Amino acid sequence: MTGFAELIHGYHRFRDQEWAIERARWATLSEGQSPKVMVIACSDSRVDPAQVFDTSPGEIFVVRNVANLVPPFEAGGGRHGVSAALEFAVTQLEVEEIVVMGHGACGGVHAALSQCFSDAEPGSGGFIAHWIDLLDDARDRVIAEYGDGPEAIHALELETVRVSIANLRTFPFVPNRERVGKLKIHGAYFAIRDGILHVMDEQGRFTPA
Ligand SMILES: [Zn+2]
């Protein structure tokens, strides 16, 4: 498996090849960024948005976390990492589109469904439990419809996208911009097994891109 030493080898390949070829781009990027799209994806090592969407540096503003979740707008307490990134992307960078990308075989979704970390202390699963409890309502809906088998896992993986999009819209600056056509929100799902990206339509259904 790849350790930090291999990553440094990779860095040297990058410096000798891609960076050298794209030197002009990097010179421009050193003056600032103006990505048009924000992508919210899972931290899972298999679903890198820059790779899936074949983008270059400067093109997408990315936030990744367990199960590609956006929390609802909450003013008090805590350190709101996702909210800060969202606020920066929308109100400062003025991205024109936000993509929430779920994926297959998501460990966060599996944990939400099995509740394997419920009652765990912070440091032994408690942080995960309190993060993925954002999916509790969706989990109940999915279990009521599909039970708790493989179908339920897939259904909940898709629900993460719908939940995050609903929560995005609790931040006043999001619907305000959607209303005047300055911001568009998209849902997507990357099935790791076959490498096919599915895109969500207006009715919340996912079909291959
Ligand atoms: Zn995941």
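Computed from the coordinates by the stated procedures, all read-outs in this text should not be read as laboratory data. Note that the structure is predicted; figures quoted are calculated from it, not measured. A quick note on method: Cβ atoms are made from the backbone with ideal geometry, for glycine too, and the neighbour counts reach across all protein chains shown.
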Note down the magnitude of the dipole of the range 16-137 about its Cα centre, charges +1 on Lys and Arg C-beta and -1 on Asp and Glu C-beta and zero elsewhere, to the nearest 20 debye.
160
When you have a sec, figure out the Kirkwood radius of the range 1-94 from all distinct Cα pair distances and drop it here in Å to one decimal?
15.6
Which one, V39, H110, S124, projects farthest toward the positive side of the charge dipole computed for the chain from Cβ point charges (K/R +1, D/E -1)?
V39
Sort the following peptides by mean Cβ neighbour count (other Cβ atoms within 10 Å, averaged over residues), highest first: 82-90, 193-201, 108-116.
108-116, 82-90, 193-201
Based on the alpha-carbon gyration tensor of the range 121-201 and its eigenvalue square roots a ≥ b ≥ c, which shape applies: rounded if a/c is under 1.5, prolate if not and a/b is larger than b/c, or oblate?
oblate
Debye, to nearest 20: dipole size of the range 3-56, +1 on Lys, Arg Cβ, -1 on Asp, Glu Cβ:
120
With an 8 Å Cα cut-off and a minimum separation of 6 or more residues, compute the relative contact order for the chain in percent.
21
Determine the dipole magnitude for the chain: charges of +1 sit on the beta-carbon of Lys and Arg, -1 on that of Asp and Glu, nothing else is charged, the reference point is the Cα centre, and the result goes in debye to the nearest 20.
540
Give me the Å³ per residue figure for the convex hull around the C-alpha atoms of the range 73-125.
133
Run the numbers for H110 and S45: contour at 0.36 nm per residue of separation, minus the present Cα-Cα distance, in nm.
21.8 nm
Simple spin-label model, 7 Å along Cα-to-Cβ: I192 to A144 in nm?
3.0
Order the peptides 65-71, 182-188 from the highest to the lowest mean number of other Cβ atoms within 10 Å of their residues.
65-71, 182-188
Summing -39500 (n - 2.57) over every DSSP H run of at least 4 in the chain, dividing by its residue total and rounding to the nearest 500, the 222 nm mean residue ellipticity is -11500 deg cm²/dmol
Can you tell me the FRET efficiency between I21 and E94 if r is taken as the Cβ-Cβ distance and R0 is 25 Å, rounded to the nearest 0.05?
0.30
Please report the orientation-averaged projected area of the chain, defined via the convex hull of its C-alpha atoms, in nm².
14.1
Going through the range 1-84, which trypsin sites (Lys or Arg not before Pro) have at most 15 other Cβ atoms within 10 Å and a DSSP loop state?
K36, R46, R79
Among G58, G76, V100, which residue has its Cα positioned farthest towards the positive end of the charge dipole of the range 54-106, with +1 placed on the Cβ of Lys and Arg, -1 on the Cβ of Asp and Glu, and the dipole taken about the Cα centre?
G76
When only DSSP loop residues count, what GluC sites (Glu not before Pro) in the range 9-54 have their Cβ near at most 12 other Cβ atoms within 10 Å?
E31
